[in-house]
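The next block holds one structure in the form of structure tokens; read it before the comments.
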Amino acid sequence: MRREQHMQPTRIQRKPAEDPIERLKACLGKTADVRSPKDAEEPILDASVRASLFQWMAEIRAAEELKSVGVKPRTNALLFGPPGCGKTTLAHHFAARLGLPMVVVGSEHLIAGILGASGQNVAKLFDGLAAAETPVVLFMDEVEAVGASRSGRTGGQCDDEKNSALTVLLRKMEEFNVGYFMAATNLPDGIDPAFWRRFNMQIGIALPGFQERFAIIKRYGMPFAFDDDDLDLLAEATDGASPALLRELMEGVKRTLVVRPRMNLPIDDPCTIFASVLSATMPPPEMEVPKLWRNADTVKGLSAMSWPPQRMGDQA
Ligand SMILES: Nc1ncnc2c1ncn2[C@@H]1O[C@H](COP(=O)(O)OP(=O)(O)OP(=O)(O)O)[C@@H](O)[C@H]1O
Ligand SMILES: [Mg+2]
């Protein structure tokens, strides 16, 4: 009898655990976007940047042990470098490795048209994060919008607005204790020195070197398997290209390989395929133009590639 009572279904319905992403969205409103760890991709980075991140993650995992020697893991980093090299991707991946949501704040969230509202936006963001009580990686993009050097400002209304936003940000950064804070900028030279010093780490994410370009081209060429010699050729011809541009290039090649046969056009010449992609894919104006884009002989040199590339898993 007693046993049967035990087997009665319980009448107390537990509330399902609240989704931290939904909770953050509710607390943050329009002050930020929230990205889930499951949507993150791993960036391909040079060894020194990878080493800095591994060390940081190891510190976070060793927090208790560090406490025993009187130090804490670092909590913030400033990422700087040219566009499209993986600053946002890296922050998202770092969050995912820690199993945390990433809260993304762009300049559009912070800088307000109404006088005095930018500082309030910054305060609202940090208050929302404190209210959510959920650990996050806070990622502030284009941080020069608030963190530009105060000495270069001329004292107009717009400068006053930025000064007050930066003052609030510096204060809120000190108080922030619900996770990790990363900020990113393409303009490190213009960053306010006090703001720069406030970060535990300043990590430069530069244009990829040869090895990284090789790996990036290979990744975004998949599911086509390019020969290593062909990847060498492409990595050599794309010196100066950002990972974002390499992704565009390789995705363009894949689209062209799929679409041209449907248009009754041949795909048997690599130079034609690449030339058609290159004509519609240009590096951003402020960046150096890699050889593949500016030198017709480099494109002709692609005729040496094994072509067409095989899909992985297909018989040669
Ligand atoms: N290091 C990398 N490895 C692999 N893919 C990358 C890398 N960097 C960038 N990408 C690809 O390029 C896209 C744009 O990159 P991302 O937004 O991370 O660059 P960013 O440095 O934040 O640029 P911005 O300064 O313009 O904000 C990403 O979606 C990613 O697919
Ligand atoms: Mg970015």
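Some notes on this structure:
- Test: residue in the stretch 236-248 that is more than 17 Å from Asp141 (Cβ to Cβ) and either modelled with pLDDT under 95 or hydroxyl-bearing (Ser, Thr, Tyr) (or both): yes
- Top-ranked residue in the stretch 229-244 [being assigned to a helix (DSSP H, G or I) and under 10 Å from Cys85 (Cβ atoms); ranked as nearest to ligand 2 (Cβ to nearest atom)]: Ala244
- The C-beta contact set for the stretch 256-283 (first residue in the same structural domain as Leu245 (by TED's automatic domain parsing), second residue basic (Lys, Arg), distance under 9 angstrom, 6+ apart or interchain) comprises Pro266/Arg260; Ile267/Arg260; Cys271/Lys300; Thr272/Arg260; Ile273/Arg260; Ser276/Arg260; Val277/Arg255.
- Residue among Val49, Val122 that is in contact (Cβ under 8 Å) with a residue 40 or more places away in the chain and either within 16 Å of ligand 2 (Cβ to nearest atom) or not assigned by TED's automatic domain parsing to the domain that holds Val178 (or both): Val49
- Residue within the stretch 85-104 that is in contact with a Ser or Thr (Cβ under 6 Å, 6 or more places away or on another chain), closer than 27 Å to Glu41 by Cβ and within 13 Å of ligand 2 (Cβ to nearest atom) present: yes
- Hey, Leu24 in contact with a Lys or Arg (Cβ under 9 Å, 6 or more places away or on another chain) and either farther than 30 Å from Tyr220 by Cα or at pLDDT 95 or above (or both) or not: no
- Val253 surrounded by fewer than 19 Cβ atoms within 10 Å (Cβ to Cβ) and more than 16 Å from ligand 2 (Cβ to nearest atom): no
- Among residues of the stretch 103-120, those that are at pLDDT below 85, out of contact with any helix residue (DSSP H, G or I) (no Cβ under 8 Å at 6 or more places or on another chain) and outside any helix (DSSP H, G or I), counted: 2
- Only one of Arg198, Arg219, Arg262, Arg171 that is surrounded by fewer than 20 Cβ atoms within 10 Å (Cβ to Cβ), of a type in the set (D, E, K, R), touching a Leu at 6+ places or on another chain (Cβ under 7 Å) and more than 16 Å from Thr281 (Cβ to Cβ): Arg198
- Long-range neighbours under 8 Å by Cβ, at least six apart or interchain, first residue in the same structural domain as Met182 (by TED's automatic domain parsing) within the stretch 88-108, second part of a loop (DSSP other than H, G, I, E, B) and hydroxyl-bearing (Ser, Thr, Tyr): Pro101/Ser36; Pro101/Thr134
- Test result for Ala148, over 21 Å from Pro37 (Cβ atoms) and touching a strand residue (DSSP E or B) at 6+ places or on another chain (Cβ under 9 Å): yes
- The residues of the stretch 287-298 that are without any contact (Cβ under 8 Å) to a residue 60 or more places away in the chain and either closer than 15 Å to Glu236 by Cβ or not in a helix (DSSP H, G or I) (or both), listed by number, are Glu288, Val289, Pro290, Lys291, Leu292, Trp293, Arg294, Asn295, Asp297.
- Taken together, the residues in the stretch 201-215 that are closer than 30 Å to Pro73 by Cβ and more than 15 Å from the chain's Cα centre (by Cα) amount to 6.
- Scanning the stretch 105-128 for residues that are surrounded by fewer than 20 Cβ atoms within 10 Å (Cβ to Cβ), within 14 Å of ligand 1 (Cβ to nearest atom) and of a type outside the set (Asp, Glu) turns up Gly106, Ser107.
The values are calculated or read from the model by the stated rules, or taken from the named source; none is laboratory data. Keep in mind it's a predicted model, so treat the numbers as computed, not measured. Cβ atoms come from the backbone with ideal geometry, glycine included; neighbour counts cover every protein chain shown.
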